[in-house]
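Heads up: the structure comes next, in structure tokens.
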Amino acid sequence: MSNSTKNLSDLSVAIKDWGRALGFNDVGITDTNLRTAESQHQAWIEKGFHGDMDYMAKHGVKRTRPDELVPNTQRIISVRLDYLPPQAENSDKILQDSSKAFISRYALGRDYHKVMRNKLQKLCEKIQSELQYYQTPAFEYRVFTDSAPVLEVALAEKAGLGWRGKHTLLINKNKGSWFFLGEIYTNLPLPIDEPASNHCGSCSKCIEVCPTQAITAPYEVDARKCISYLTIELKTSIPLEYRPLIGNRVYGCDDCQLYCPWNKFAEVTKETDFAVKHGLDDIRLIDCFQWSEDDFKTRMAGSAIYRIGYLQWLRNIAVGLGNAETTPEVIQALQRHVHHENAMVQEHVRWALIRHNRA
């Protein structure tokens, strides 16, 4: 074995150690070959399943060819970071209480984009500072965390971090699926890890429990039906047929993960930035609906929820209130916004009132 190969192998081990020291729960390395994923992704786009997410299509093959997105890329360092917050209120309890606002568990704390990017950058800086001890080319890199045309699940699967579940999220055999993914594209020709094997078997629980039947086939999601898409990505009116099915899910949906058997192995995060903020794990719809725009910006500063903006937040809460139990308090809350200056908000409020026979 040459010194160069030995050093690259040692560097690979060191990178994984440095990553875990920074708080990542797992680190894997893979190459840039995504030919199988490319054909699957293109077929998904051709079906129109990406909805209004134009960014999923506009970059062409750069999403599936890392070396075209970032020239000279030879390897992808893939990482995962647990996000399930400690001491969060039980999800089932919130989902079964129509007066409460259910917020996807990943959004209860600080915006993951900032946390992941900071850790990835620190890992790159560590690699840079240690590279003098290894026989390698000059270090070139670029970090990503759900922020560019990257097929992060396909890359993580190839890097051995888990397998793509039937709900299309990554599942780790020992840790479930409550984690974020991030990537470092680099020119370093590091040894690659073995891909993970699939362990979904005959289980179809995620398909069965999806409130809107958005998982149209194993390993395929029609985003246009997905509650996460409808409450986060969709910037216009939510289609009428999906509003009753959304229930009290006002930001995202976790049902496919909540019922996945592999998540019995999931662990709460040790990352303090993902701790619940502002009581978002157990908050009333009415209270959320009473926030002014300044209240929303203040409370959601540093949160992933901030990205959808105040008007979309009101739209989502209006749907939740439309699905809530009819009470004088709910009716009064809706009536306060019935003449809202924004047409989209007003439309959803009027729909909610019709649901309560208060048109």
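The values are calculated or read from the model by the stated rules, or taken from the named source; none is laboratory data. Given the structure is predicted, the values throughout are model-derived calculations rather than measurements. Cβ: placed from backbone, ideal geometry, glycine included. Neighbour counts: every protein chain shown.
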>> When the residues of region 315-359 are narrowed to those that are part of a helix (DSSP H, G or I) and among the small types (Gly, Ala, Ser), which ends up nearest to the chain's Cα centre (by Cα)?
In response: Gly320
> Which one of the conditions (1) within 23 Å of Glu68 (Cα to Cα); (2) touching a helix residue (DSSP H, G or I) at 6+ places or on another chain (Cβ under 8 Å); (3) modelled with pLDDT of 95 or more does Asn172 fail to meet, given that it meets all the rest?
Replying inline: (1)
> Across region 93-148, what is the number of residues that are farther than 22 Å from Leu69 by Cα and part of a loop (DSSP other than H, G, I, E, B)?
Replying inline: 12
> All but one of (1) part of a loop (DSSP other than H, G, I, E, B); (2) touching a residue at least 40 places away in the same chain (Cβ under 8 Å); (3) out of contact with any helix residue (DSSP H, G or I) (no Cβ under 6 Å at 6 or more places or on another chain); (4) crowded, with 19+ Cβ neighbours inside 10 Å hold for Lys166; which doesn't?
Replying inline: (3)
>> I need the full set of residues from region 231-272 which are under 16 Å from the mean Cα position of the chain (by Cα), part of a helix (DSSP H, G or I) and over 30 Å from Gly201 (Cβ atoms), in order please.
In response: Thr231, Ile232, Glu233
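Yes or no, residue by residue, for (1) within 21 Å of Phe49 (Cα to Cα); (2) in contact with a Leu (Cβ under 9 Å, 6 or more places away or on another chain); (3) among the charged types (D, E, K, R):
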{"position": "Thr168", "(1), (2), (3)": "yes, no, no"}
{"position": "Asn174", "(1), (2), (3)": "no, no, no"}
{"position": "Ser177", "(1), (2), (3)": "no, yes, no"}
{"position": "Pro189", "(1), (2), (3)": "no, yes, no"}
{"position": "Asp193", "(1), (2), (3)": "no, yes, yes"}
> Restricting region 82-119 to residues that are out of contact with any Gly (no Cβ under 8 Å at 6 or more places or on another chain) and of a type in the set (Lys, Arg), which is farthest from Lys277 (Cα to Cα)?
Replying inline: Lys93
>> As an exercise: evaluate Cys206 against (1) farther than 20 Å from Ala154 by Cα; (2) in a helix (DSSP H, G or I) and give the number of the one condition it does not meet.
In response: (1)
>> Going through Asp295, Asp282 one at a time, which residue ends up being surrounded by 14 or more Cβ atoms within 10 Å (Cβ to Cβ) and either free of Cβ contacts under 8 Å to residues at least 60 places away in the same chain or within 16 Å of Ser91 (Cβ to Cβ) (or both)?
In response: Asp282
> Among all residue pairs at least 6 apart or on different chains, which show Cβ distances below 8 Å where the first residue, located in region 318-343, is in the same structural domain as Leu245 (by TED's automatic domain parsing) and under 18 Å from Ile246 (Cβ atoms) and the second is basic (Lys, Arg) and surrounded by fewer than 16 Cβ atoms within 10 Å (Cβ to Cβ)?
Replying inline: Leu334/Arg358
> Which one is surrounded by the fewest Cβ atoms within 10 Å (Cβ to Cβ) among residues in region 335-359 that are closer than 12 Å to Ala318 by Cβ and charged (D, E, K, R)?
Replying inline: Arg336
>> Out of everything in region 83-92 that is part of a loop (DSSP other than H, G, I, E, B) and at negative phi, what residue ends up being surrounded by the fewest Cβ atoms within 10 Å (Cβ to Cβ)?
In response: Asn90
> Do the conditions hold for Glu325, that is, is it at pLDDT 95 or above and either surrounded by 22 or more Cβ atoms within 10 Å (Cβ to Cβ) or within 30 Å of Asn172 (Cβ to Cβ) (or both)?
Replying inline: no
> Could we say that Pro191 is touching a helix residue (DSSP H, G or I) at 6+ places or on another chain (Cβ under 9 Å), in a loop (DSSP other than H, G, I, E, B), not aliphatic (A, V, I, L, M) and not assigned by TED's automatic domain parsing to the domain that holds Tyr55 here?
Replying inline: yes
